[in-house]
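The structure appears right after this line, and notes come after that.
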Amino acid sequence: MEKLKKHIYDEHNGLYYTLVGDYYIPDLELPEETRPIGIWGRMQKDYLEQYYPTLYNDLILSGRLWTYLADLNEQAQNQLECIIGQLKEAEGITEELKTQDEMSWVSAMNSIRSRAEEIILRELIYEEDAV
């Protein structure tokens, strides 16, 4: 019987394999990603896992899932801050209102934040058309 090599390289798919028992297992390494995926990334991950399992599996197997989710989280957070700023300006919510009537300011800011988060969810996370 022929002795099997401990390590082989498959030119067809460009992967290295290591012999484990009677099987060759691919030597896969994931890229280092230290950025957090945050709440927006976790929502997108759940959405992809449930509704787009093929894309989700492709991202996992290619090692791009965490980077994709971290990028999306940063984009969503930046867009959220931008939308909140625009809505504050359009509705005249200022620091002066905050000092004069704190409860009105809090109520207005909560409303603005809720609307901005809904926009992010529809446009980036769940990929629906904004109404």
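Order of 10-22, 80-92 by packing, highest average Cβ count within 10 Å first? Mind dumping the intermediate values first?
Working: 10-22: 9.8, 80-92: 13.4.
Peptide ranking by packing, descending: 80-92, 10-22.
Mind pulling the angle between the C-alpha long axis of helix 53-62 and the longest principal axis of the chain? Nearest 10 degrees, somewhere in 0 to 90.
Computed tilt is about 60 degrees.
Pairing the Cα long axis of helix 38-51 with the longest principal axis of the chain, what angle in degrees results, from 0 to 90 and rounded to the nearest 10?
60
Taking the chain as a Gaussian network, Cα atoms linked when under 10 Å apart, which of TYR23, TYR56, TYR47 shows the biggest mean-square fluctuation?
Taking springs between Cα atoms under 10 Å, the residue moving most is TYR23.
Identify which of ASN73, ASN57, ASN110 has the largest mean-square fluctuation in a Gaussian network model of the chain, with springs joining Cα atoms closer than 10 Å.
Top of the fluctuation ranking is ASN110.
Hey, rough spin-label estimate for LYS3 and GLU29, points 7 angstrom out along Cα→Cβ, what's it come to in nanometres?
In this crude label model, LYS3 to GLU29 measures out at 2.8 nm.
Which aspartates and glutamates does LYS45 reach when only Cα atoms under 14 Å apart count, and residues fewer than 8 places away in its own chain are ignored?
Cα-Cα hits under 14 Å: ASP58, ASP71, GLU127.
What fraction, in whole percent, of alpha-carbon pairs in the chain exceed 28 Å separation?
Working: 3862 of 8515 pairs.
Looking at the chain, the distances longer than 28 Å represent 45 percent of pairs.
Multiply the residue gap between ARG42 and SER62 by 0.36 nm, knock off their C-alpha separation, and tell me the result in nm, one decimal place.
Numbers: separation 20, 0.36 × 20 = 7.20 nm, distance 1.85 nm.
Using 0.36 nm per residue and subtracting the Cα-Cα distance, I get 5.3 nm.
Read the figures in this text as sums done on the coordinates, not as results from a lab. Computed from a predicted model, the values in this text were never measured in an experiment. So basically every Cβ, Gly included, is an ideal-geometry build from the backbone, and we count neighbours across all protein chains shown.
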